[in-house]
1. With (1) closer than 13 Å to Leu58 by Cβ; (2) surrounded by fewer than 17 Cβ atoms within 10 Å (Cβ to Cβ); (3) out of contact with any strand residue (DSSP E or B) (no Cβ under 7 Å at 6 or more places or on another chain) as the list, and Lys6 as the residue in question, which single condition is left unmet?
2. Residues being within 22 Å of Val69 (Cβ to Cβ) and modelled with pLDDT under 95: count how many of those fall in the stretch 33-52.
3. If I ask for residues that are farther than 17 Å from Met1 by Cα and either in contact with a His (Cβ under 8 Å, 6 or more places away or on another chain) or not in a helix (DSSP H, G or I) (or both), which ones from the stretch 11-33 would you list?
4. In this structure, does Ala70 turn out to be part of a helix (DSSP H, G or I), at pLDDT below 95 and under 15 Å from the mean Cα position of the chain (by Cα)?
5. Being free of Cβ contacts under 8 Å to residues at least 24 places away in the same chain, exposed (fewer than 12 other Cβ atoms within 10 Å of the Cβ) and in a loop (DSSP other than H, G, I, E, B) is the requirement here; does Ala37 meet it?
6. Leu58 fails exactly one of the following numbered conditions: (1) out of contact with any Asp or Glu (no Cβ under 8 Å at 6 or more places or on another chain); (2) surrounded by 13 or more Cβ atoms within 10 Å (Cβ to Cβ); (3) within 25 Å of Leu73 (Cα to Cα). What is the number of that condition?
Amino acid sequence: MFLKSKDADVVASAIEAVAELGDPAAIPLLAPLDKDARQVELDDDDGGVHERVSIGDLAHEAKELLEEVAEGLEPKKKGR
């Protein structure tokens with residue numbers, strides 16, 4: 001599994017792919033990465049280096065995004 005790779009760039013790409021897929025079932029897969037301090041460089045849309053960020057920050061951001069998706073999928077309760 002790419003989320004368990006020793007290569008931080010591979011893990012960052014896997015996190016991005018999981019977030020893009022938008023499946024809230026992947027949230028538990030991201031949880032172990034919350035405290036991962038490895039740093040990666042992110043590219044901006046023009047192909048230039050945008051910033052350095054930790055794997056933990058990427059995982060946290062992806063989890064938040066997927067949690068929002070999950071909230072949108074929950075059935076609305078009537079009468080409340």
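1. Answer for Lys6: the failing condition is (1).
2. Matching residues across the stretch 33-52 total 2.
3. Once the filter is applied, which keeps residues that are farther than 17 Å from Met1 by Cα and either in contact with a His (Cβ under 8 Å, 6 or more places away or on another chain) or not in a helix (DSSP H, G or I) (or both), the stretch 11-33 yields only Gly22.
4. yes
5. yes
6. The one condition Leu58 does not meet is (1).
The values are calculated or read from the model by the stated rules, or taken from the named source; none is laboratory data. The structure displayed is predicted, hence computed values, not measured ones. Ideal geometry is used to build each Cβ from the backbone, glycine not excepted, and the neighbour counts take in all protein chains shown.
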